[in-house]
Amino acid sequence: MDFELKTLTRARLCTEKCDALVVLVPLAPQMMGSHADPVSELVALAIKSGDFEAKAGKLLSSYRPAGLAATRLVLVGAGDGSAKNIRLAVTAAMNSLKNGNHGSHFNAKRVLLSLSALNEVDAPHASAAVLACGDAAYAYSTTKSKAAVASFEHVVLAVTDAAKVKAGFEKGLGLAKGIALAKEWANRPSNHATPTLLAGAAKELHKLARIKVEILGPKEVAKLGMGALMAVAQGSSEPLRFIVLRYDGAAKAAAPVVLVGKGITFDTGGISIKPAAEMDEMKFDMCGAASVLGTFRALAELKPQINVVGLIPACENMPDGHAIKPGDVVTSMSGQTIEILNTDAEGRLVLCDALTYAERFKPQAVVDIATLTGACMIALGGVRSGLFSSDEDLAKALMAAGESSLDLCWRLPLDDDYAEGLKTNFADVANVAGRAGGAITAAKFLQRFSSKFSWAHLDIAGTAWKSGAAKGATGRPVALLVDYLLGQAQLNNSAAASPAAKPRKAAVKPAASPKRPSAKALPKTRAA
Ligand code: BES
Ligand code: MN
Ligand code: ZN
């Protein structure tokens with residue numbers, strides 16, 4: 001599918017040939033002047049007759065309406081015209097064209113999507129429209145014998161002032177590519193997305209501008225002392241991979257943001273095996289990893305001036321004769337020993353070694369992204385991802401990026417009292433606490449490995465994929481991550497441009513703030 005941005009007056013909408021003309025109609029349309037064009041007249045009539053209302057997502061379709069060059073006209077309500085409602089409206093309209101109530105031979109290849117009737121169209125609105133189109137156009141077909149019928153070959157986004165929204169339009173295009181890549185790899189079943197294949201997907205990205213990729217295997221990982229990652233991988237015959245991506249968009253000396261994505265390509269639970277129902281969905285346990293790949297794909301398109309490192313510990317969690325057993329103690333790369341009381345709490349084990357590895361980049365911030373806990377899904381459902389951070393500025397920046405990208409998150413607490421349950425008599429720390437506050441205790445575990453930098457954790461267990469009839473990956477939180485990185489690039493730049501500006505706080509942060517436990521100091525006090 002390709003996109004085009006065009007300035008078209010409402011009068012011009014009628015003369016453009018296309019398979020479908022989609023018109024977003026706000027609750028208070030500007031379009032009902034005395035010399036109304038045919039589209040405006042139709043909208044006014046439909047509203048007056050009560051056949052249509054402009055509530056976000058409401059639809060009215062018609063075939064070859066008089067005075068229009070389009071084969072089909074779809075009116076869709078856009079409510080107050082906010083970016084959120086534009087997304088909702090475009091999704092409803094495009095889905096209705098894709099698999100709606102028309103004959104099975106109708107295929108809307110050329111779509112004219114008009115925002116011209118909306119009162120205020122800015123960059124975020126254009127971006128939201130493009131993203132919603134991209135989302136609707138994506139169809140998984142990799143493991144089907146027939147390729148999906150390509151819908152929407154050419155989409156023209158019509159606005160009254162193309163120049164005004166060009167930046168938002170282009171951001172949407174870059175982001176859509178990243179989101180599509182994230183969805184694709186997340187959706188692939190585990191036998192088509194092994195750690196080795198995932199590393200291959202990462203390797204492919206080196207062809208893109210400013211991206212470098214390095215893949216470590218079992219030997220290199222053993223040499224680094226990543227005992228926690230190795231422990232999870234040892235029950236599978238698929239060899240682990242540790243993927244290191246770099247996006248070099250700024251000066252070499254500029255401290256990077258490090259993204260760490262959980263890459264469990266299948267989570268059986270290991271010896272603490274999961275129940276059979278819905279276990280297939282554990283192929284999505286590498287959605288964090290997929291979001292890192294998708295973010296890098298988008299970075300290559302958008303080319304912000306920032307350095308970003310992506311780390312993906314990838315392996316399967318399987319229960320064979322070599323598998324770790326409850327009660328086993330392993331030594332992480334940080335030196336901290338971990339008692340594995342539940343082999344199903346494997347995400348934090350692979351992440352903790354990746355977090356320790358992140359130290360070598362002297363990062364300005366580290367954000368890990370993981371389908372970490374069922375508890376987070378219970379707490380926040382599918383609307384907001386869980387956000388944890390011991391750094392106020394980082395938490396604020398991620399929260400704001402979630403709001404601006406419509407890829408929402410919500411901050412949860414990290415009080416030290418939540419770590420009580422991780423105490424054990426047999427190691428520095430246990431990998432699980434009780435059932436209560438499961439999303440938080442998981443974050444508390446990760447925090448022990450994050451004392452040397454400014455850190456945040458996104459638990460995307462509820463948001464990374466949908467279950468049921470619409471089962472599939474959402475591509476979240478690629479949009480959030482990209483908005484955050486674009487924002488950081490801007491901040492770094494303005495700090496560099498103004499000589500009076502102090503260096504960014506996070507970049508020169510001392511090893512540990514008093515609130516956060518030092519990785520070295522903690523184990524001893526805990527064991528006492
Ligand atoms: N990948 C799962 C988390 C998960 C489960 C995400 C269901 C989405 C849906 C993770 O590895 C896991 O199994 N977590 C356990 C932790 C528990 C053993 C402390 C969980 O959430 O049950
Ligand atoms: Mn698990
Ligand atoms: Zn898992």
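The values are calculated or read from the model by the stated rules, or taken from the named source; none is laboratory data. All figures in this text were calculated on a predicted structure; none of them were measured in a lab. Reconstructed Cβ throughout: ideal geometry from the backbone, glycine too, with neighbour counts over all protein chains shown. The area values use the complete protein model at the heavy-atom level, side chains included, leaving out ligands, DNA and RNA. Shrake-Rupley method; radii C 1.70, N 1.55, O 1.52, S 1.80 Å.
Which ones in region 58-78 are small (G, A, S) and either buried (at least 20 other Cβ atoms within 10 Å of the Cβ) or assigned to a helix (DSSP H, G or I) (or both)?
Initially, region 58-78 is screened for residues small (G, A, S), giving 61-62, 66-67, 69-70, 77-78.
Answer for region 58-78, where residues must be small (G, A, S) and either buried (at least 20 other Cβ atoms within 10 Å of the Cβ) or assigned to a helix (DSSP H, G or I) (or both): A70, G77, A78.
For S494, indicate whether it is surrounded by fewer than 24 Cβ atoms within 10 Å (Cβ to Cβ), more than 16 Å from ligand 3 (Cβ to nearest atom) and either among the hydroxyl-bearing types (S, T, Y) or in a helix (DSSP H, G or I) (or both). Don't jump to the end; show me each part of the working.
Details: surrounded by fewer than 24 Cβ atoms within 10 Å (Cβ to Cβ): yes; more than 16 Å from ligand 3 (Cβ to nearest atom): yes; either among the hydroxyl-bearing types (S, T, Y) or in a helix (DSSP H, G or I) (or both): yes.
Yes: the conditions hold for S494.
Please list, ordered by first then second residue, the pairs with beta carbon atoms under 6 Å, 6 or more apart or interchain, first in region 455-468 and closer than 10 Å to I369 by Cα, second open to solvent by 30 Å² or more (accessible area, probe 1.4 Å) and within 15 Å of ligand 3 (Cβ to nearest atom).
A461/M377
Can you confirm whether D368 is more than 15 Å from N431 (Cα to Cα) and not in a helix (DSSP H, G or I)? Reasoning before the result, please.
Numbers: more than 15 Å from N431 (Cα to Cα): yes; not in a helix (DSSP H, G or I): yes.
Considered against the rule, which asks whether it is more than 15 Å from N431 (Cα to Cα) and not in a helix (DSSP H, G or I), D368 comes out as yes.
Would you mind finding the one in F284, F266 that is within 13 Å of ligand 3 (Cβ to nearest atom), under 25 Å from G475 (Cβ atoms) and surrounded by fewer than 24 Cβ atoms within 10 Å (Cβ to Cβ)?
Of F284, F266, the one residue that is within 13 Å of ligand 3 (Cβ to nearest atom), under 25 Å from G475 (Cβ atoms) and surrounded by fewer than 24 Cβ atoms within 10 Å (Cβ to Cβ) is F266.
Consider D344 carefully, then state whether it is within 15 Å of ligand 3 (Cβ to nearest atom), assigned to a loop (DSSP other than H, G, I, E, B) and either closer than 28 Å to G200 by Cβ or of a type in the set (A, V, I, L, M, F, W, C) (or both).
On the way: within 15 Å of ligand 3 (Cβ to nearest atom): yes; assigned to a loop (DSSP other than H, G, I, E, B): yes; either closer than 28 Å to G200 by Cβ or of a type in the set (A, V, I, L, M, F, W, C) (or both): yes.
Judged against the criteria, D344 is a match.
Against the definition (more than 14 Å from ligand 3 (Cβ to nearest atom), within 19 Å of L224 (Cβ to Cβ) and in contact with a helix residue (DSSP H, G or I) (Cβ under 6 Å, 6 or more places away or on another chain)), how does T356 come out, yes or no?
Taking the combined requirement at face value, the residue does not satisfy it.
Out of the residues in region 307-336 that are more than 13 Å from L259 (Cα to Cα) and among the aliphatic types (A, V, I, L, M), state the one that is farthest from the chain's Cα centre (by Cα). Give the steps one after another, and end with the answer.
Restricting attention to region 307-336, the residues satisfying the condition of being more than 13 Å from L259 (Cα to Cα) are 314-336.
Filter once more, keeping what is among the aliphatic types (A, V, I, L, M): 314, 318, 323-324, 329-330, 333.
Working: A314: 18, M318: 26, A323: 31, I324: 31, V329: 33, V330: 31, M333: 28 Å.
Per the stated criteria, the residue is V329.
From the list G235, G270, G288, pick out the single residue that is farther than 16 Å from G374 by Cβ and modelled with pLDDT of 95 or more. Can you show your working first?
Numbers: G270 fails: farther than 16 Å from G374 by Cβ; G288 fails: farther than 16 Å from G374 by Cβ.
That would be G235, the only listed residue that is farther than 16 Å from G374 by Cβ and modelled with pLDDT of 95 or more.
Yes or no: G386 under 16 Å from the mean Cα position of the chain (by Cα), more than 24 Å from S127 (Cα to Cα) and either outside any helix (DSSP H, G or I) or without any contact (Cβ under 8 Å) to a residue 24 or more places away in the chain (or both)? Spell out how you get there, then give the answer.
Details: under 16 Å from the mean Cα position of the chain (by Cα): yes; more than 24 Å from S127 (Cα to Cα): yes; either outside any helix (DSSP H, G or I) or without any contact (Cβ under 8 Å) to a residue 24 or more places away in the chain (or both): yes.
When the stated conditions are applied, G386 passes them.
Out of everything in region 7-23 that is of a type in the set (K, R) and open to solvent by 60 Å² or more (accessible area, probe 1.4 Å), what residue ends up being nearest to V165 (Cα to Cα)?
Keep residues of region 7-23 that are of a type in the set (K, R), which gives 10, 12, 17.
Imposing the further condition that a residue be open to solvent by 60 Å² or more (accessible area, probe 1.4 Å) reduces the set to 12, 17.
Working: R12: 19, K17: 23 Å.
So the residue we want is R12.
Just to verify a result, which residue in region 269-278, among those that are surrounded by fewer than 18 Cβ atoms within 10 Å (Cβ to Cβ) and within 17 Å of S236 (Cα to Cα), is nearest to ligand 1 (Cβ to nearest atom)?
Our first condition is that a residue be surrounded by fewer than 18 Cβ atoms within 10 Å (Cβ to Cβ); within region 269-278, this holds for 273-278.
Imposing the further condition that a residue be within 17 Å of S236 (Cα to Cα) reduces the set to 273-274.
Numbers: I273: 10, K274: 7 Å.
Out of the qualifying residues, it is K274.
Quick check on my filter: what residues within region 214-241 are in contact with a His (Cβ under 7 Å, 6 or more places away or on another chain) and buried (at least 21 other Cβ atoms within 10 Å of the Cβ)? Let's see the steps before the verdict.
The initial filter retains those residues of region 214-241 that are in contact with a His (Cβ under 7 Å, 6 or more places away or on another chain), namely 234-235.
Of everything in region 214-241, just one residue is in contact with a His (Cβ under 7 Å, 6 or more places away or on another chain) and buried (at least 21 other Cβ atoms within 10 Å of the Cβ), namely G235.
Any chance you could count how many residues in region 399-434 are within 16 Å of ligand 1 (Cβ to nearest atom) and either of a type in the set (D, E, K, R) or open to solvent by 50 Å² or more (accessible area, probe 1.4 Å) (or both)?
Count: 4.
Does G382 satisfy being open to solvent by 40 Å² or more (accessible area, probe 1.4 Å), touching a Gly at 6+ places or on another chain (Cβ under 9 Å) and either at positive phi or within 16 Å of ligand 3 (Cβ to nearest atom) (or both)? Break it down stepwise before answering.
On the way: open to solvent by 40 Å² or more (accessible area, probe 1.4 Å): yes; touching a Gly at 6+ places or on another chain (Cβ under 9 Å): yes; either at positive phi or within 16 Å of ligand 3 (Cβ to nearest atom) (or both): no.
Against the criterion (open to solvent by 40 Å² or more (accessible area, probe 1.4 Å), touching a Gly at 6+ places or on another chain (Cβ under 9 Å) and either at positive phi or within 16 Å of ligand 3 (Cβ to nearest atom) (or both)), G382 does not qualify.
Does any residue of region 321-331 turn out to be away from ligand 2 (no atom under 12 Å from the Cβ), in contact with a Cys (Cβ under 9 Å, 6 or more places away or on another chain) and in a loop (DSSP other than H, G, I, E, B)?
Scanning region 321-331 turns up no residue that is away from ligand 2 (no atom under 12 Å from the Cβ), in contact with a Cys (Cβ under 9 Å, 6 or more places away or on another chain) and in a loop (DSSP other than H, G, I, E, B).
Look at region 298-324 and say how many of its residues are open to solvent by 50 Å² or more (accessible area, probe 1.4 Å) and touching a helix residue (DSSP H, G or I) at 6+ places or on another chain (Cβ under 7 Å).
Number of matching residues: 2.
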